[in-house]
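The values are calculated or read from the model by the stated rules, or taken from the named source; none is laboratory data. Quick caveat: nothing in here was measured; it's all calculated off a predicted structure. Please note: Cβ atoms are built from the backbone with ideal geometry, for glycine as well, and neighbour counts cover all protein chains shown. Ligands, DNA and RNA are excluded from the accessible area calculation, which covers all protein heavy atoms including side chains. Shrake-Rupley method; radii C 1.70, N 1.55, O 1.52, S 1.80 Å.
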Amino acid sequence: MRILLVEDDRDLQRLLKRALVDAGYVVDTASDGEEGHFLGDTEPYDAVILDLGLPKLDGVTVLERWRKAGKTMPVLILTARDRWSDKVTGFDAGADDYLAKPFYTEELLARLRALLRRAAGIAKSEIEIGPLRIDTRASRVTLNGSPVKLTSLEYRLLAYLAHHQGRVVSRGELVEHLYDQDFDRDSNTIEVFVGRLRKKLDPNLIQTVRGLGYCLANPDAPEEEKDRAKA
Ligand code: CA
C-alpha cells in the first residue's frame, strides 16, 4: 500500500514516515500544499495523511481540489486545530477521518488500517482467503494455521492483492502501489516476487490472468464464484 504523507513539520514528518515504513507501507512525503496537491493529483495512492496548516496551499484547499478532480482515495486529516468547526470544514471538503494533534502514532496507524479496509470493503483487520490468513495489524501471514515468513516486499505485494481480492490487478498497478516515487520501477521484478509468493503459499492462490495481471482468490471457491470475481 502506498501512502502520501503531507506534513510541513519536518520532525513529525520524519517520525511518521518511519512508523509507516515500519508498518509495511510505501511512503511518499510532501512538505507543502502545492507539492502535496501535485503528488496526489498525479500518483495513485491508497491513502493520504494530510496536515491542514501547510505553506503555499492549505490542506482543505488541497483536498477540495482533489475531490473536484474526481480523486477518491481515502484522506485522513491531521491538524492541531481541534475546534469542531474545523472538523466540519474538513469532512465537508471530502476527508474520511480526522485526528487532532497531539496524537499517538498507534492510533494513526489503526485509523489508517481502518480506512484502507473500508476502501477495500473489508470489515475485519484479519483477512481470510481460503487457507490463507493475513493479520494486517501485525503484518503476519499464516497458511493452514502455520506461519509463513515473507520479506517486506512479498508482504506488501500479498497485502495489496488481498485488499483487492477477486479482482485482476495489473503488473503496472502493482509497481505503482508497491514502490515509492524514487524507486527505479521495473515491472519484471513483480513477476519474480509473485513466483516467490506462490512457492511460499498455495501455488493456486495467485492466478495469472494472461495479458491482464494477477488475481488472488480462494482456490477452493466454487468455479462460478471465481468467474464472477474476475468479470
Ligand atoms: Ca502544519
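For the residues GLU154, GLU126, the requirement of being among the charged types (D, E, K, R) and touching a strand residue (DSSP E or B) at 6+ places or on another chain (Cβ under 7 Å) singles out GLU126.
Please determine, by comparing only the residues of segment 37-59 that are touching a Gly at 6+ places or on another chain (Cβ under 8 Å) and not charged (D, E, K, R), which one is most open to solvent (accessible area, probe 1.4 Å). Let's see the steps before the verdict.
From segment 37-59, those touching a Gly at 6+ places or on another chain (Cβ under 8 Å) are 48, 50-59; that's our starting set.
Checking which are not charged (D, E, K, R) leaves us with 48, 50, 52-55, 57, 59.
Numbers: VAL48: 1, LEU50: 0, LEU52: 2, GLY53: 35, LEU54: 22, PRO55: 58, LEU57: 26, GLY59: 0 Å².
Here the residue is PRO55.
Pairs linking a residue in segment 205-231 that is within 13 Å of HIS164 (Cα to Cα) to a residue that is modelled with pLDDT under 60 and among the hydrophobic types (A, V, I, L, M, F, W, C), with Cβ atoms under 6 Å and 6 or more positions apart or on different chains, are ALA217/ALA229. For segment 60-76, the set of residues classified as at pLDDT 95 or above and either open to solvent by less than 10 Å² (accessible area, probe 1.4 Å) or of a type in the set (Ser, Thr, Tyr) (or both) consists of THR61, VAL62, LEU63, TRP66, VAL75, LEU76, listed by residue number. Of everything in segment 118-127 that is open to solvent by 40 Å² or more (accessible area, probe 1.4 Å) and touching a residue at least 40 places away in the same chain (Cβ under 8 Å), the residue that is nearest to the chain's Cα centre (by Cα) is ALA119. Selection of segment 95-106 for residues being assigned to a loop (DSSP other than H, G, I, E, B) and over 19 Å from ARG117 (Cβ atoms) yields LYS101, PRO102, PHE103, TYR104.
Pick from ASP28, ASP41: which is touching a Phe, Trp or Tyr at 6+ places or on another chain (Cβ under 9 Å) and assigned to a helix (DSSP H, G or I)? Explain how you work it out, then say what you get.
Working: ASP28 fails: assigned to a helix (DSSP H, G or I).
Going through ASP28, ASP41 in turn, just one is touching a Phe, Trp or Tyr at 6+ places or on another chain (Cβ under 9 Å) and assigned to a helix (DSSP H, G or I): ASP41.
Residue check: LEU115 meets all listed conditions (1) assigned by TED's automatic domain parsing to the domain that holds HIS177; (2) surrounded by 18 or more Cβ atoms within 10 Å (Cβ to Cβ); (3) in contact (Cβ under 8 Å) with a residue 40 or more places away in the chain; (4) aliphatic (A, V, I, L, M) but one, namely (1).
Just to be sure I understand, how many residues within segment 53-94 are in a loop (DSSP other than H, G, I, E, B) and either under 19 Å from GLU35 (Cβ atoms) or of a type in the set (Gly, Ala, Ser) (or both)? Show your work before the answer.
In the first step, residues of segment 53-94 are kept if they are in a loop (DSSP other than H, G, I, E, B); the result is 53-58, 69-74, 80-83, 93-94.
Next, from what is left, pick out any that are either under 19 Å from GLU35 (Cβ atoms) or of a type in the set (Gly, Ala, Ser) (or both): 53-58, 69-71, 73, 80, 93-94.
Residues that pass the stated criteria total 13.
Set side by side, the residues ALA23, ALA80 differ, and just one is within 15 Å of the ligand (Cβ to nearest atom) and surrounded by fewer than 21 Cβ atoms within 10 Å (Cβ to Cβ), which is ALA80. Applying the criterion of being without any contact (Cβ under 8 Å) to a residue 60 or more places away in the chain and among the β-branched types (Val, Ile, Thr) to the residues of segment 26-68, the residue that is farthest from the ligand (Cβ to nearest atom) is THR42.
For segment 146-155, the count of residues that are part of a helix (DSSP H, G or I), among the small types (Gly, Ala, Ser) and at pLDDT below 95 is at least one.
The rows are residues; the columns are (1) within 18 Å of ARG67 (Cα to Cα); (2) modelled with pLDDT of 90 or more; (3) crowded, with 17+ Cβ neighbours inside 10 Å; (4) among the aromatic types (Phe, Trp, Tyr).
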site: SER85; (1), (2), (3), (4): no, no, no, no
site: ASP97; (1), (2), (3), (4): yes, yes, yes, no
site: GLU106; (1), (2), (3), (4): no, yes, no, no
site: LEU109; (1), (2), (3), (4): no, yes, yes, no
site: ILE134; (1), (2), (3), (4): no, yes, yes, no
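Scanning segment 83-101 for residues that are among the hydrophobic types (A, V, I, L, M, F, W, C), away from the ligand (no atom under 16 Å from the Cβ) and more than 22 Å from ALA120 (Cα to Cα) yields TRP84, VAL88. Summed over segment 140-170, residues that are open to solvent by 20 Å² or more (accessible area, probe 1.4 Å) and over 13 Å from the mean Cα position of the chain (by Cα) total 17.
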